[in-house]
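To start, the structure under review is shown below, and the notes come after it.
The values are calculated or read from the model by the stated rules, or taken from the named source; none is laboratory data. These figures come from a predicted structure and were not determined experimentally. Note that we place each Cβ from the backbone using ideal geometry, even for glycine, and neighbour counts take in every protein chain shown.
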Amino acid sequence: MTDIERGVLSDADRRQFHVRLPFGIAKILVFIGLLIAGLGPMLWLLKAAISPTQDSIREPLALFPSGEVQWGNLATAWQQGHIGFYLGNTAIIAAGSAITSLVVCTSAGYVLSVLRPKWGPVLSAAILATLFVPSIVSLVPLYLTVLKLPVVHTNITNTFWAVWLPPAASAFHVLIVKRFFDGIPREYFEAARIDGAGPLRVFTSVVLPLSRPILGVVALLTIIGSWKDYLWPLLVLTNPDLQPVSVALPKIARVTELNIQMAGLFLALIIPVLLFLVFQRAFLRGVGMSGGIKA
Amino acid sequence: MSKPVLPAVTALFLILGLAACSSSPSESADSGPVTITVGDRPSSSDAENRTLYDQQVAAFQEANPDIKLNPVETLWDPTTFQAQAAGGQLPDVLNVPFTEPQGLIARKQAADITEALKSTGLLPDLNPTVLKIAQDSAGKVYAVPSAAYSVGLVYNRELFTKAGLDPDKPPATWDEVRADAKKISDATGAAGYAQLTTNNTGGWMFTAQTYAFGGTVENADGTKATFADAPSTAAMQALHDMKWVDKSMGKTVLYDIDGISKDFAAGKIGMYMAAPDSYRTLVVTNGLKPASFGIGGMPQQNGEHGSLSGGSVQIVSPTTTPAEQVAAVKWIKYRYLNRYVDEASAVAQAKSTVAAKQPVGVPGLPVISPEKYSAYEEWIKPYANVPVQNFAPYTKVSADQVIIPEPAAQAQEVYAALDPVVQTVLGKEDADIGTLLSKAVSTVNAKLGR
Amino acid sequence: MHRRFRAGIPALLFALPVLGIFLLFSWGPIVKGLVMSLQKTNLVDPVQWVGLDNFHYVLTDPALGQAVGNTLWFTFLALLFGFPLPILLAAFMAELRGRSWAYTVLAYLPVITPPVVAILLWRFFFDPSATGLFNTVLGAVGIGPQPWLNSPGTAIPSIVLEATWAGAGNAVIIYLAALTSVRADLYEAAELDGAGVLRRVWHVMLPHLRGVILIMLLLQVIGTMQLFTEPLLFTGGGPQGSTTTVLLLIYNYAFVNGDYGAATALSVLLAVALAVLSAFFNLATRRWSME
């Protein structure tokens, strides 16, 4: 979703036939391709949720070959899996993770990209280095850390802090935010400095407003990441009342048939997707750059 | 990066090294009641079983006022287990599959409960053959088997009928397996026979087959691999011939438990090796018609040799005190073994299992004495919700079949080295079985040395 | 590189969140984990220091050579097919002027498809018999049935296909965010100078994207070299070890064999390799970087 007035192609370009035709064809092809690749699996999931299990495994792509449509599966999965409750937990976890992530990324990106202290490259390298080590290695030590935080010696397992804080240490997010900040023209900072703004002012009134696209992206990536995360919440949130839906769903998988499992998955998926559709403008909105500097 | 990164990162390292503190395992209060954490509590999605579990917790605490139970929903999972062991967060009692105890014993991640079993009088009651899976070479016991099965041959009765075979007479030898597989694939187009091949299940089934052909995988003290000899070669040859000569194994090579269950439930496979507990995966999870489920004893070749066992055991956390171990053993006996000796307990368990729509009446191996086990099966007969007669071919054979335990040393790593052997035999028509086996032997021997 | 503010105290203050979080939840655990590579531990009893034993074991594991080769091949294929696609898609979508949200949502749906569903579907797509979905499609254009996951030659490309499908959406939205911040007047100025469409792409769009593209390239290489979920769930490392990656080996050491020493030793080696790679990358891109 973008608000820019134009991209590479100008209005004049688009009126030209030799641009309009390929562009139009491309639009259709890409749309169909994305429809199949993106929406296809979701629709299949819905179909599997309301079909008898045997239909789904014998003829996965046929449309209700046995003629039976089991809408009741959705209700069963909802009740048996307490999906509403667990989705609530997932939402709390996702929101908290998004906030901690944004705080860490924006402040880190600001330091590395704009403030640029002498020790900046060291910090940058240390952050990048964390990507080299597979997360498996740090699983056990990280667990030991949340069991007993250094200095304060508190146990944060079975609290939401155990799932809000660790994911904020994401080198990937810090680096893409930093690169985005690198792309902000330096003239804006000069202008603000001339106006007498200190580092905090520059951060809040220049950097943040201009970075809405990447902030939306990071928030989205974090939320999706925490929605999908299974192993870590399983480990640190042993109290079932705190568990997110990603941990709760495998539990009904143990005692139910495939179609009910699919129904549970569908419900756990469709609600975030609908929410995303409603709020996607806020997430992915671009910001027109033309209002940045008055000549 | 021209900055002196290395010194800076080293400085970080030193600071962190100083700050590193290790966690201590959980302390237990020895005065007053002993408190133990017990795992495998059914979740709220499994309402009936959860109610029964909670009732048993309450009843146990009433009968044992000096023991307090702290139930948790923790289940066995290979990744979380390691972390929990490190953090001292393992429940004191946990259900783990048969394939795990030997590895856990070797890594000292299960408590030695021999003394606790002796002092509570439970040890003599346990079936010694099945108990081997939970013992080390000195005979000390580290776990209590709570359910056991031997591997047999699961087959689709409907496909048998379609192929003109008698669904009550599954093949008893591997030559018969081959003949029946060909009939099924010719008549129905489904794969007559399939076998697990990935995620260490390939090696696991290879072992089962080797046993059935009269061979072994490791020598008695687990120091050398022994599967490059005639029985294993014959087993692989049989697989090869079914796949490439008869073309009765279909085109899929990679099968894990989930994949093979789904294909079997979809009617795409005629036979495969599995234990009776696969009924649950096939019928309850994947919707196979109960009437189509058939299971026979493990086919044998060149004489009666035996079959591999499977099932579950209860382990006790390695960080427990002797008093806690006694409490844990008492709980294990109450929750998992009482049903075999007390009719009321058996009936209560059966009723709640039926209410939870899970199978009752699937035959297994006795974890206590065989006579008591037969009595148990009589008690739950009225509640059986599975087609008991479909299990008859299996029960007839397995009653007398020798149970051969899994390889003693590092079974998982051995299985991992055997996966590619089976995959190659099924994936390449001109695979040289002898070379494959001898290469795998040297790989395994290197690992057994570690 | 100019410093506009005295970057002393303010920089430290701004850096506190990232320093705190990383120290506690990233650097600390990583260092602790790497220390385990010199130990033999069952995670319960006190550790034994074994020096370089674990490294020796890992380096003499016959499976290592194949795993390294597989990992490199994976990375190469994923870069070849999976890297340009999101850029092209994002560039295209940026031209749609406000109507791109539907495309964005669709492109992102594969990312949020649960792995359980993806596996069920793609297993069916990859069914090696003539009635599998992809084989049916191929049959319609006269190509014979392919073994897909079941043969060493085709297993890795099959997984690359699925992994690209599952991961492209992430990259698309990142590029799209970068593209929407290209100033319109830059394009107009280029146009007034008489630049055609391709010239504008080359001289305005790509330079602006250069920073993001380079960092995404590095991040994707590092990420793909640590691929293991797909091999674990689709093929278990088979057939015949052809999809076993270095990370899958590490996973098996750590969780199937309970050998944390070997797992962390191999991780150290992998980390060093990736660090060397990044250093080269940085040196190489310095020359083309605008900074």
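Which one of these does C:Leu248 not meet: (1) part of a helix (DSSP H, G or I); (2) crowded, with 20+ Cβ neighbours inside 10 Å; (3) at pLDDT below 85?
C:Leu248 satisfies all of (1) part of a helix (DSSP H, G or I); (2) crowded, with 20+ Cβ neighbours inside 10 Å; (3) at pLDDT below 85 except (3).
Is it fair to say B:Ala212 is under 26 Å from B:Gly434 (Cβ atoms) and touching a residue at least 60 places away in the same chain (Cβ under 8 Å)?
Criteria met by B:Ala212.
What are the residues in the range B:46-62 that are charged (D, E, K, R), assigned to a helix (DSSP H, G or I) and surrounded by 15 or more Cβ atoms within 10 Å (Cβ to Cβ), if any?
B:Glu48, B:Arg50
Tell me, which helices (runs of 4 or more DSSP H) lie completely within the range B:115-222 with 3 or more residues that are under 24 Å from the mean Cα position of the chain (by Cα)?
B:128-131, B:201-212
Can you name the condition, by its number, that A:Ala75 falls short on among (1) surrounded by fewer than 20 Cβ atoms within 10 Å (Cβ to Cβ); (2) at pLDDT 90 or above; (3) closer than 30 Å to A:Gly198 by Cα?
Here A:Ala75 meets the rest and fails (3).
B:Glu429 - would you say it is among the acidic types (Asp, Glu) and surrounded by fewer than 15 Cβ atoms within 10 Å (Cβ to Cβ)? Give the derivation first.
Numbers: among the acidic types (Asp, Glu): yes; surrounded by fewer than 15 Cβ atoms within 10 Å (Cβ to Cβ): yes.
So B:Glu429 fits the description; yes.
Would you say C:Leu89 is under 30 Å from A:Pro185 (Cβ atoms) and at pLDDT below 95?
yes
Would it be correct to say that C:Pro231 is over 30 Å from C:Val246 (Cβ atoms), part of a helix (DSSP H, G or I) and more than 10 Å from chain A (Cβ to nearest Cβ)?
no
Condition (residue is in contact with a helix residue (DSSP H, G or I) (Cβ under 9 Å, 6 or more places away or on another chain), in contact (Cβ under 8 Å) with a residue 24 or more places away in the chain, more than 8 Å from chain C (Cβ to nearest Cβ) and on the phi > 0 side of the Ramachandran plot) applied to the range A:150-158: is it met by at least one residue?
Yes.
Given the structure, is A:Ser51 crowded, with 19+ Cβ neighbours inside 10 Å and closer than 29 Å to C:Ala168 by Cα?
No.
Looking only at residues that are modelled with pLDDT under 90 and facing another protein chain (nearest Cβ under 7 Å) in the range A:95-116, which one is surrounded by the most Cβ atoms within 10 Å (Cβ to Cβ)? Spell out the reasoning first.
Of all residues in the range A:95-116, those modelled with pLDDT under 90 come to A:114-116.
Right, trim to facing another protein chain (nearest Cβ under 7 Å) and you get A:115-116.
Details: A:Leu115: 23, A:Arg116: 18.
Of everything passing the filter in the range A:95-116, A:Leu115 is surrounded by the most Cβ atoms within 10 Å (Cβ to Cβ).
For the range C:26-60, which residues satisfy the criterion of being assigned to a loop (DSSP other than H, G, I, E, B) and of a type in the set (Ser, Thr, Tyr)?
Within the range C:26-60, C:Thr41, C:Thr60 qualify.
Considering each of C:Ile174, C:Ile222, C:Ile213 in turn, give the residue that is within 9 Å of chain A (Cβ to nearest Cβ), part of a helix (DSSP H, G or I), β-branched (Val, Ile, Thr) and closer than 16 Å to C:Ala91 by Cα.
Details: C:Ile222 fails: closer than 16 Å to C:Ala91 by Cα; C:Ile213 fails: within 9 Å of chain A (Cβ to nearest Cβ).
Every option except C:Ile174 fails the conditions.
Which condition breaks for B:Asp175 when tested against (1) of a type outside the set (Ser, Thr, Tyr); (2) within 14 Å of chain C (Cβ to nearest Cβ); (3) surrounded by fewer than 22 Cβ atoms within 10 Å (Cβ to Cβ); (4) touching a residue at least 60 places away in the same chain (Cβ under 8 Å)?
Single failed check for B:Asp175: (2).
When the range C:126-150 is examined, which residues are found to be crowded, with 20+ Cβ neighbours inside 10 Å and either touching a helix residue (DSSP H, G or I) at 6+ places or on another chain (Cβ under 6 Å) or at the interface with chain B (Cβ under 8 Å from one of its Cβ atoms) (or both)?
Within the range C:126-150, C:Phe126, C:Asp127, C:Pro128, C:Pro147, C:Trp148, C:Leu149, C:Asn150 qualify.
Please count how many residues of the range A:34-81 are within 11 Å of chain B (Cβ to nearest Cβ) and among the β-branched types (Val, Ile, Thr).
Within the range A:34-81, residues that are within 11 Å of chain B (Cβ to nearest Cβ) and among the β-branched types (Val, Ile, Thr) number 3.
Quick one: count up the residues across the range C:73-111 that are within 23 Å of C:Ile156 (Cα to Cα) and either free of Cβ contacts under 8 Å to residues at least 12 places away in the same chain or not hydrophobic (A, V, I, L, M, F, W, C) (or both).
Count: 7.
Which condition breaks for A:Ala129 when tested against (1) of a type in the set (Gly, Ala, Ser); (2) surrounded by fewer than 22 Cβ atoms within 10 Å (Cβ to Cβ); (3) more than 7 Å from every other protein chain (Cβ to nearest Cβ)?
(3)
Kindly indicate which of C:Val68, C:Val47, C:Val31 is away from chain A (no Cβ under 13 Å) and of a type outside the set (Gly, Ala, Ser).
Step by step, each of C:Val68, C:Val47, C:Val31 is checked, and only C:Val68 is away from chain A (no Cβ under 13 Å) and of a type outside the set (Gly, Ala, Ser).
Considering only the range A:236-251, state which residues are within 10 Å of chain B (Cβ to nearest Cβ) and touching an Asp or Glu at 6+ places or on another chain (Cβ under 8 Å).
Hits for the range A:236-251 are A:Thr238, A:Pro240, A:Lys251.
Criterion first (crowded, with 21+ Cβ neighbours inside 10 Å, of a type outside the set (Lys, Arg), part of a helix (DSSP H, G or I) and within 14 Å of chain C (Cβ to nearest Cβ)) does B:Pro420 satisfy it?
Criteria met by B:Pro420.
If you take the residues in the range B:423-438 that are in contact with a helix residue (DSSP H, G or I) (Cβ under 8 Å, 6 or more places away or on another chain) and not in a helix (DSSP H, G or I), which one is nearest to the other protein chains (Cβ to nearest Cβ)?
B:Ala431
A quick yes/no check of all residues on (1) crowded, with 24+ Cβ neighbours inside 10 Å; (2) modelled with pLDDT of 95 or more:
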position: B:Arg280; (1), (2): no, no
position: B:Asn286; (1), (2): no, no
position: B:Gln314; (1), (2): yes, yes
position: B:Thr320; (1), (2): yes, no
position: B:Tyr336; (1), (2): no, no
position: B:Ala355; (1), (2): no, no
position: B:Gln358; (1), (2): no, no
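Inside the range B:328-360, can you point out the residues that are more than 16 Å from B:Gly121 (Cβ to Cβ), of a type in the set (Lys, Arg) and in a helix (DSSP H, G or I)?
B:Arg335, B:Arg339, B:Lys351
Return yes when C:Leu38 is modelled with pLDDT of 90 or more, surrounded by fewer than 21 Cβ atoms within 10 Å (Cβ to Cβ) and within 12 Å of chain A (Cβ to nearest Cβ) and no when it is not.
In short, no.
Under the condition of being in contact (Cβ under 8 Å) with a residue 12 or more places away in the chain, surrounded by fewer than 22 Cβ atoms within 10 Å (Cβ to Cβ) and of a type in the set (D, E, K, R), which residue from the range A:167-187 is farthest from the other protein chains (Cβ to nearest Cβ)?
Only one residue fits best here, namely A:Glu187.
Matching residues to (1) in contact with a strand residue (DSSP E or B) (Cβ under 8 Å, 6 or more places away or on another chain); (2) more than 10 Å from chain C (Cβ to nearest Cβ); (3) surrounded by 17 or more Cβ atoms within 10 Å (Cβ to Cβ):
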site	(1), (2), (3)
B:Asn64	no, yes, no
B:Asp92	yes, yes, yes
B:Pro97	yes, yes, no
B:Gly103	no, no, yes
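Quick check, is A:Val273 over 22 Å from C:Gly167 (Cβ atoms) and either out of contact with any strand residue (DSSP E or B) (no Cβ under 8 Å at 6 or more places or on another chain) or at pLDDT 90 or above (or both)?
Values: over 22 Å from C:Gly167 (Cβ atoms): no; either out of contact with any strand residue (DSSP E or B) (no Cβ under 8 Å at 6 or more places or on another chain) or at pLDDT 90 or above (or both): yes.
The answer is no for A:Val273.
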